[in-house]
Amino acid sequence: METGLSMDPKLSISLLSGAGFVLGVLGSYLERRQAARWLFNVLHWAAFVAVGAITFYLSGSIRAEGTVQTFQRDHSATLLLAALVGLTGLGTHVTASLRGLEGFLFSMAALVSFGAIAVIGQSSPNVPFKAWFISHALAFAMSGACFVIAGAAGAAYLIAHRLLRRKRGRGLIGIVPPLEALERLVRWALLIGFPLFTYGVLTGICELVRTNDPGPRAWLQDPLIILSFIAWVAYALMVLAVLFLPWIRGRRTATMATWGMGLIVVIFLVVEVVSPLHR
Amino acid sequence: MRTLVVGCNHRSAPVEVRERIAFDPTTLPDALALFHNTFPDSEVVLLATCNRIEAYVARPVHSHPRIEEIIEFIAQYHNLGVHEFAEGLYSYEDVEAVRHLFRVTCSLDSMVLGETQILGQTKSAFETARCAGTVGKRLEPLFQQAFSVAKEIQTKTTIASGHLSVGSTAVDLARQIFARFDDKRVLMVGTGKMGELTLMHLLNMKPKQLYVSNRTHERAVALAAKLTGRSSVSARAIAFDDWLNYLVEADIVITSTGSREPILTSDMFASIPARRKYRPLLLIDIAVPRDIDPAVGKREGVYLYNIDDLQTVTEASLADRREAIGQCNDMIDANVITFVERQSHWDLRPVITAMQEHFRDVETRELERVLPKFENLSNHDRQLIEGMLHRITQKLLHDPIHVMNEKTGISGARLYADTLRTLFNLPHDES
C-alpha cells in the first residue's frame, strides 16, 4: 500500500548529498573561525558521507541496471560530477598548501548536487555500443569536475588577490590557500581536464558520424553541439595561453578559469532545457 | 589547602623595582629549596620573567606562610627592606589566585596581549619547581589545568591570531602569496635596522638564497656575513648598481635605505615583470621616505606593502585580540569554577575520612562496652546488634556528607570542614 510519504530515490540522494556538502562548507567556515573544533570534524564527516552516499547510489544503480543505463540518465552523470568535486575537496586536506580550498569545492559540489534535481527524469536515448558511451560520459564528468575545480580555485585566487591588493590580507592564512598553490591547481586542472573534454567531444562526434542520425544539418541546430564546440575552443585557447603565453599568469589565469566554469554552467543549463538532439 | 599569589608585573611596579627582586634562573632552584625549608608544609613555584616576578604558594589552611611572610621571604632573600618594593606588589588568594594564574598563562595579563612566550616561561618555572621538589598535590593540578586552559583559549579564540610585529606580519603576507619558500630568493636593499629585523623573520622560512645590497658595499658584505652566520640561508652581497637586475630573480624584496627619493620607480620597473615571466613579487618597503614608487604596486603580479600598510595589519590583529578578551574571560571563569569545585571535593576528603573514623571508633568502643554485658549472646544476635549500630552511624553520617559534597566552592567547603572539625574535635590532617 502506498503511504504517499516515500520519496523518489533520485531526489533523496540529491538532497542528502547536497545537504552533506552544505554542512561541509559550514564546517570549513567554523574551522576558519577557530570555533567548535569538534563540530568542524562532525561537519567534515558530513561531506565524506555525501561522497560515500553518491558512490553507494551509483554502484547500486550500476549493479541493478548496468553502467550504460545508469549514465544515460543525466542525473547520475551530474551526481558523479558532484562526487568528484567533493572528493577533491576532501583531498585538499592531504596537502597543507591547499588547506582552505575545501569550502569552495564543497559549495560547488552542493550546487551540482542540488542541480541534479533539475535533471531527474532526463536521459539520453538508448545507445547500442556501450563502451564508447561509458567512456564518453565518464570523460565529460571528469573533465567537468576538473573545470569546476579550476573555477573554484580561480575564484578563491581572485578573492585573495583582491584582499591582498587592498591591504586587507590579514587573517587569510588558513582561510584561503596561498596564491601560488591556487594558481598551480588552476593550471593543472585545466591541463588535465582539457584532454578528457576533447576525448568526450571526439567520442560524441564519432558516434554521430557513425549513425548519421539525424544528420549534419540537425547537428548545427543543436545548441548543445554548438556550445560544446565553443567550450572546447575556449578551453583550447585557455590551455594554449597557459602553456605558451608567459603573461597569462596569476590573476589572468584565475579569471579565465572562473569564466570557463561559468561557460560549463551555461552548457549544463542549456543541455537540460533546449537541446533536442540529446533528448 | 589555601592558594596564594604574591608578585609584581610591568603594570604594578617599574623595572627599577622589578629588577631588585628578580630571581636569577641559575639560582632559582636554591631559592625554591630555601623557601621550602623555611615553610616545610607549603608548595611553591616562582615565576620570574622580564615583566613579572610572582610566587605561587599552596599551604594547609592553618599553616604558613601567610602573605606577609612570603613578602618577608622575598625581602630577606634579596637583602632588601620590605618598604623598598612592597608598594608595587599585589596578592591574590584562593579563587582569585587561581583566576590570576589562568589569566597569566593565557597572556591576558601580558604586556603584549596574546603573546605566547608566557606559556612557555610558566611551564619552565613549573618544571624547575617540580625538579626542586616544591610542587605537590595542590600546585601540580593547578598548573596543569592552567596549561590546559591556555591551550584551549589559543585554539578556540583569536587571542593569539595574527602578528603584532612588522617582521612577522611580513612573513604572514609572504605565506599568503607563496606556498613554499625553499625555492624562493630574497633581496634586501639597504641595511636599516627595521629591514634587518623583518629579514630575520623571513629567514626563518628558509628561503633558497639571500641577496644584500647597499650603497656602501662593505655594509652589505658585513650584513650578508652576519646573516649567513645566524641562519642556514646562503647570503651574498651584490653591488648596489646591480640590484635592479636581481629583481628578475628575487621573489621577495625588502627595501630599507635612507634615500630621500624613490630608488625604484614605475619606469625603472617596467621591463622587470616580463623578464621575470610574470611570477608574483612581494615588495616590502620599510623605509621612510618610501623607497618604492606606489605606482609599482599597481603592476600585474606585484604586491607592494609600505610601513603604514604593515602597521595597519598589525593594528587590526591587535583589535582582533582585544575582541577576544570577553570570550577568554568567560572561558577562564568557567575553568576556575570547575577547578575550584574539584579541589573542594579533594579538600573535604580528609574531613569526611576523619568523621567516618571518629564514628567508627565510637561504634567500636560502645560495642566493646555493651556486648560483654549480654549473657549467652548468640553469634547471630551479636551480628544483628553490630549491624544495627553500623547502620545507625552510616545513616547519621549520610546527610552531613551529602550536604558537604553539595556545598562546593572553597569558602563553603572550608566553613563546613572547620565547623565539623570543631564540633567533633577532629584532627587537622590535610595531607
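Each Cα pair under 8 Å and six or more residues apart adds its sequence gap; the mean of these over the residue count of region B:346-424 is a relative contact order of 54 percent.
Equivalent-ellipsoid semi-axes for region B:2-161 (Cα gyration tensor, √(5λ), whole Å, largest first): 24, 19, 14. Measuring between their Cα centroids, region B:348-379 and region B:81-120 lie 51 Å from each other. Counted by Cβ distance under 14 Å from A:GLY151, the other residues give a net charge of 0, where Lys and Arg count +1 and Asp and Glu count -1. Counting only the Cα atoms, the protein assembly as shown fills a convex hull of 251 Å³ per residue.
Computed over neighbours whose Cβ is under 14 Å from that of B:ILE21, the net charge equals -4, Lys and Arg +1, Asp and Glu -1. Taking the Kirkwood radius as Rh and the Cα radius of gyration as Rg, region B:346-424 has a ratio of Rg/Rh equal to 1.13. With contacts taken as Cα pairs under 8 Å at a separation of at least 6 residues, chain B carries a relative contact order of 13 percent.
Applying D = kT/(6 pi eta Rh) to chain B, where Rh is the Kirkwood radius over alpha-carbon pairs, T corresponds to 20 °C and eta to 1.002 mPa s, the Stokes-Einstein value obtained is 80 µm²/s. Here region B:184-300 is treated as an ellipsoid with the same Cα gyration tensor; its semi-axes, largest first and in whole Å, are 21, 16, 12.
Using alpha carbons only, how many degrees (0 to 90, rounded to 10) separate the axis of helix B:325-370 from the longest principal axis of chain B? Approximately 20 degrees, to the nearest ten.
Rule-based calculations on the coordinates, nothing more; no lab input. Not measured: the values here are computed from a predicted model. Here the Cβ is made from the backbone with ideal geometry for all residues, glycine too, and neighbour counts use every protein chain on show.
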